[in-house]
Every structure is written in structure tokens, then in C-alpha cells.
Amino acid sequence: MRAAAARGLPAVALVLGLLAAWELYVDIAGVEEALLPAPHAIAQALWDSAGLLWRNFAVTAEEVVLGLGLALAAGLALGVAIHLSPLLRRAVYPLAIGSQAVPIPVIGVLLVFWWGFGLLPKLVVIALICFFPVLVTTVDGLAAVDPDQPKLLRTLDASRWQALRFAELPAALPAALSGARIALTVGVIGAFIAETTTPTTGAYPGLGREIVTDVNFQAPRAYAGTVMLVAFALACFYALALAERALAPWSIRPRGETP
Amino acid sequence: MPSQLQSPARAPLTQVDGGEPIVLDGVSFAYRDRRGVPLQALADVSLRARAGEVVALVGPSGCGKSTLLELLCALRTPDRGVLACPPAVLMPQRDLLLPWLNALDNAALALRIAGWRRAPARARAHELFVELGLEEFQRLRPHELSGGMRQRVAFLRTLLAGKPVLCLDEPFGALDAITRGEMQEWLAGMLAREPRTVVLVTHDVEEAVLLADRVLVLSARPGSVCAAIDVELERPRLRTADRVIALRERALQALAQGSRR
């Protein structure tokens, strides 16, 4: 525990230093609050609007978690399918790459037309943004088994499915988890994009939309919401790093720390 | 590590059916590059191995020894010639143990692939570990094992595949000299106890004489059998015994002649 605290110290010191500089800058330069609220004003907004922010956060967190789940499932499934079928690789890969260039607002209207104002279109947007790193790392991980391994497995009379199950899938797991970590870091901004491109009828529209509403008139609250998003992304990232340790302990190099 | 050499009479741990010999008659094989240009790896190889015989293949680098094993394991089919071989399992030079499985589960992999459920497969592999005095290693992952231990686990995996023919591709090539000596003794004990037809590919002429009933010398590429040396010595064999040394010299001479061809 003490060791963990010591490892976190540089980051904490850096953040505190930046906050102090920020506070001083706003104070000395006399920056308007609408342009850049001071840290103490943001903290105040966080405290005053805790209930509102929290309920919006709950909406966004659900979107991120479910959307990432969908992205992981889609990325893994597509990755395995592409690994097994060269035909599918040639057919699907260019499309998957192209999908990453599609500006979401273009399809936002269509998604709402298909699935309404609820959760589903948002999950689809997040999954669309996040599945790609999982797909690429899974495909590469599956292909990275030792070239002699298939020979050995064949002399043990392993079927294609058994080779996948006993050798290729576990070998690809660390890579796929790295992909998941990348997906996660874009997942939060993905939720923001989802909320701002597909309207919602819920009582709380989510933190992303709340931030967009606040940014012109309640800048401290917009920043407070941003702080929550950042904290959430960090928490998710480290949770996944822990999960990686549990799921694929053999891939953790003794000196290779997670950042 | 208790030497297995003291007790060759103990009951085998694994048993297989299949008393068929290995027969190769005029077998040739060529690799083709992308343009289809052939690279002749084996030319007109003929050899026979009785069921239960240990045959060592020695030859210069690139003479097609590993290709020959792949033919025996039905991983490739010959371009020409007749090949008859009972089901064979490969033990590659690198152990190829799966890093996420412990030693026990790595050895049990052969059984899992044969359709055994996890618990009985582990129990069966556990019997072998206990019988061979390797019990303390069975929970360790490959990166925690020494090179020799990894090869032992790989060999147990090969045995548990339950095939009458074992194809060992330079199994100790990557080990240091002392460990290699230990492993040769260990393998001699294992083969005395678990009778199989064995085709052992090696660079090491001494290893061939210590372990094999017959040493076949392959010529430089394209490989073909250029000498056959019967090793009619009782076991266990000592590397310092005069007759072992004499046979080793004979094999070395044949190897030198075949390499010059």
C-alpha cells in the first residue's frame, strides 16, 4: 500500500503543481471565469452541483461500460473471424479501417431514426469508435504464436478449434487487453461524442451533454464535469490494468510497469 | 535427481499399440520458393526402423533432418517415394511450452487435445510427475523452470500423446554441456522404460551413439543416407567407454565424408 502511494506521488505532485500554477495564472492575469474558471471555483461547482453532476455521470458511466463491452465483443469476434478466414480479412479489414474516418454526426440522425432516443444508439457510437484498437491488436496477437507451435499441435492431432482454444486465443489475450486499454481511453470521449450527436429524452442526458450546456453559462460546472470524466477514465484504465494482471499474469514483465 | 538408469526394469508409465515399422523408400522432397523454384531438401532417402528401435539421424546443418521428421509426422508429403510410418508425434528443439500453463498442464496438453477433461488429464500427468520424481516442479510455469526441466516437461507431453513413434528434433541442442549430459542419461532411462520407436535428430554424434540402436548419417543437402552404423552396445552406456568412443569416431568420419560430397 505504501509502495503504491509512493509510485503515485510524482503524478500527484505534478497535478498539485499545475493546479497551483493555474490558480496563480487566473488570479494574476485576471482571466474571466467564463473563459477559464480557477481551480477553487471548479471545486466549488463540484461541491454545489454534486447531485446533478453525479446523476449525469451515472448515465455516462453506464454508456461507457456497456459501449466498451460491445466494442470488446465486436473487436474480439471480428478479430477471430478475420484470423480464421483470409477471405474475410480481405473483405472486412478495409471497411473497418474506413469506419474510423466516418464523422459520427453524419450517421447520428440515422442511428436515432433506427433506435430512438435511448441508450442503444449511444452504445453503437461508442462501440464504433472503440472496437478498432481491439480488432487490430487481437488479429496481430492471434498471428503472433510461434510458427512451430501449429506443427506441434498438428502432431498432437489438434483440430483448428483446439489450436485456437489452447494456443492462439490465450497467446492473443495480452495483446487484446492492450487494445482494450487503448479503447478505454477513447471510450470516454466516445461517450461525449455519442451524447452530443444523438439526442436523448432521459431526465439526465449524461455528463457530456451537461458539459456542452454548461460551457457557455456555467463554466466552472463544465470544468467540474470534465474533472469527473477524467477521473473516471483514469479509474477505468487502472482497473483494466489490474484485470490484466489477473487474466494474463504471464505477460507482465518483472520490470515492465503499467504507466 | 535420481537416475533412471538404475531401474530400467520398472513397469512402463505409458503404453501404446502399434508394432509397425517405419519404411522409407526413395523418398524425395523439395521446398519451393514463391516463384516455384525448387530447393531439393531430401533426395532418394531410404531407411527402415523396426518397432521399438531408436534411430539417430546425424548430418550437417541444412541436410534436411528436420524435413525428414516433418515427413514422418505427416506434416508434409513426399514428392516421390514410398513412406509408411505409424502415427508420430513431434518434439521440437524449442520446448514450445505454453507460458500461461504450469508444467503439469503443459504435459497434460496432449491429453486435453485428445479429448480428456481437465481433471483426469491432470491426474494422469500427475502420476508421471510423481513416478519420475518431478512432483515439486509441476506447479511452476515454464519461465520458472530450468532448460533441462522444460525439456523434461516437453518430453512428457510427447509421451502422453500416446503415439507409437516419437520424433525428437535436436531435443537438447539448446542446453549447456552439463545439462545436456544429464538429459541424455535421463532420456536413455525413459526410453528403456517406455519402449517406443524413436527417430532422434541430433548434431551431436556422441548423443547419437549413447542413445540409439542405429546411427544414420545424412549427407549434405540434398540429404540422403550415406552411412548406417549399428550400435550394438548394452545399456546403460558410458560416454567414456572405449567402444562408445570408437563408434563416435566412425560416425564422425562418415559425417565428414558425407559433408564433403
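Read-outs throughout are calculated quantities, based only on the coordinates presented, and are distinct from any laboratory measurement. Computed from a predicted structure; not experimentally measured. As a convention, Cβ positions derive from the backbone with ideal geometry for all residues, glycine included, and neighbour counts pool all protein chains shown.
Taking label points 7 Å from Cα along the Cα-to-Cβ direction, A:TYR238 and B:THR179 give a separation of 4.0 nm.
Could you work out Rg/(2.2 N^0.38 Å) for chain A, with Rg from alpha carbons only? Walk me through the intermediate numbers first.
Working: Rg = 22.0 Å, N = 259, 2.2 N^0.38 = 18.2 Å.
Taking N as the residue count of chain A, the ratio is 1.21.
Residues in region A:127-135 carry Karplus couplings, in order, of 4, 4, 6, 9, 6, 4, x, 5, 4 Hz; the curve used is 6.51 cos²θ - 1.76 cosθ + 1.60 with θ = phi - 60°, and Gly or Pro positions show x.
Straight Cα distances below 13 angstrom link A:LYS122 to the aspartates and glutamates A:GLU62, A:GLU63, A:GLU195, with same-chain residues fewer than 8 positions distant left out.
Shape annotation for the protein assembly as shown: C-alpha extents along the principal axes are 97, 52, 45 Å, from largest to smallest. Across peptide B:99-105, the mean count of Cβ atoms from other chains lying within 10 Å of each residue's own Cβ comes to 3. Taking every residue in B:83-96 and counting other chain Cβ atoms within 10 Å of its Cβ, the average works out to 3. B:ALA154: net charge of surrounding residues, Cβ under 10 Å, Lys/Arg +1, Asp/Glu -1, itself excluded? Net charge in that neighbourhood comes out at +3.
Would you order B:LEU211, A:LEU164, A:LEU19, A:LEU35 from fewest to most other beta-carbon atoms within 10 Å of each residue's own beta-carbon?
Working: B:LEU211 25, A:LEU164 18, A:LEU19 15, A:LEU35 8.
Ordered by Cβ neighbours within 10 Å, fewest first: A:LEU35, A:LEU19, A:LEU164, B:LEU211.
In this label model, A:ILE189 and B:ALA123 are separated by 5.6 nm, measuring between points 7 Å along each Cα→Cβ vector. Per-residue Cβ neighbour counts within 10 Å put A:ARG181, A:ARG89 in the sequence A:ARG89, A:ARG181, beginning with the fewest. Each peptide among B:223-230, A:151-158 gets the average number of other Cβ atoms lying within 10 Å of its residues, and from highest to lowest they stand as A:151-158, B:223-230. Take A:ILE182, project a point 7 Å from its Cα along the Cβ direction, then tell me which residues of region A:88-113 have their backbone nitrogen under 20 Å from it. From region A:88-113, the list is A:89-104.
Using alpha carbon coordinates only, what is the Rg to Rh ratio of region A:114-211, with Rh defined as the Kirkwood radius?
Values: Rg = 19.4 Å, Rh = 15.8 Å.
That ratio equals 1.23.
Across region A:165-180, coupling constants 3J(HN,Hα) worked out from phi with the 6.51/-1.76/1.60 Karplus curve, θ = phi - 60°, read 6, 8, 10, 6, 4, x, 5, 7, 4, x, 5, 4, 5, 4, x, 5 Hz, and Gly and Pro carry x. Site-free segments of chain B were taken between GluC sites (Glu not before Pro) in DSSP loops having at most 10 other Cβ atoms within 10 Å, sites themselves excluded; the longest one is B:1-231. Placing a label point 7 Å from the Cα of A:TRP161 along the Cα-to-Cβ line, no residue of region B:101-119 has its backbone N under 11 Å from it. Helix A:39-48 axis versus longest C-alpha principal axis of chain A: approximately 90°, rounded to the nearest ten. Taking the C-alpha atoms only, the angle from helix A:2-29 to the longest principal axis of chain A is near 40 degrees.
Within chain A, which is the longest segment containing none of the GluC sites (Glu not before Pro) that sit in a DSSP loop and have at most 11 other Cβ atoms within 10 Å?
Working: sites that count: A:GLU32, A:GLU257.
By the stated rule (loop sites, at most 11 other Cβ atoms within 10 Å), A:33-256.
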